[in-house]
Structures are given as C-alpha cells and as structure tokens.
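The values are calculated or read from the model by the stated rules, or taken from the named source; none is laboratory data. These numbers were taken from a predicted model, which means no experiment stands behind them. FYI the Cβ positions are ideal-geometry reconstructions off the backbone, even for glycines, and counts take in every protein chain you see. Note: areas computed on protein heavy atoms with side chains; ligands, DNA, RNA excluded. Shrake-Rupley method; radii C 1.70, N 1.55, O 1.52, S 1.80 Å.
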Amino acid sequence: GLSQQMRRAAVSVPSNIAEGHGRRARQAYINHLNIALGSLAEFETQLLLAIHLGFVREPLTEPATRSARETGQLVMA
C-alpha cells in the first residue's frame, strides 16, 4: 500500500506541473505548482514512514530525498 501511494505522489508532481502549464493561465499554473509541492511533501513523508516502519534503511532513501528537495527548490524558483 505505501509503495503504491509513493508512486502516485511521485507521478503527481510532474503531472500537476504539466497540467498547470497547459492551462496557460498564470493563476491556474500557480495553483497546480502548489498541488505539486503538496504531492512532493506527501512523498517525503512517505519516505520517512517507510524508514520508521523498517521497510527501508535510511541510506537507501538519500538519493530520493535529495531529488525531492531539489525538485521542490526548482518548483519554488
């Protein structure tokens, strides 16, 4: 269940960015960027849950965590 939620959250980030851009209205784009940031936060939380539940060791999540943070910085720029 958790892995499926993580996949959905991860797919949601670029999907919402693309959808917002496709609407060609600034406010709609900003709204979809905010939704993408929410999905990114959801993904990061799910990574933490996976660690705390013992599904994965923290060092193995570092690349995904780093990528999520970089993506968030790009969205906020």
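Tabulated results
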item: Globularity index of the range 1-69, i.e. its alpha-carbon radius of gyration over 2.2 N^0.38 Å; result: 1.24
item: Per-selection metrics, the range 1-41 (Cα): Rg and Dmax in Å; result: 10.9, 36
item: Per residue value of the accessible surface for the chain (all protein chains in place, 1.4 Å probe), Å²; result: 71 Å²
item: Loop-located trypsin sites (Lys or Arg not before Pro) in the range 35-77, at most 14 other Cβ atoms within 10 Å (DSSP); result: R57
item: Test item: Cα-centred dipole of the chain, Lys/Arg +1 and Asp/Glu -1 on Cβ, debye; result: 280 debye
item: With every protein chain in place, the chain: carbon and sulfur % of accessible area (1.4 Å); result: 56 percent
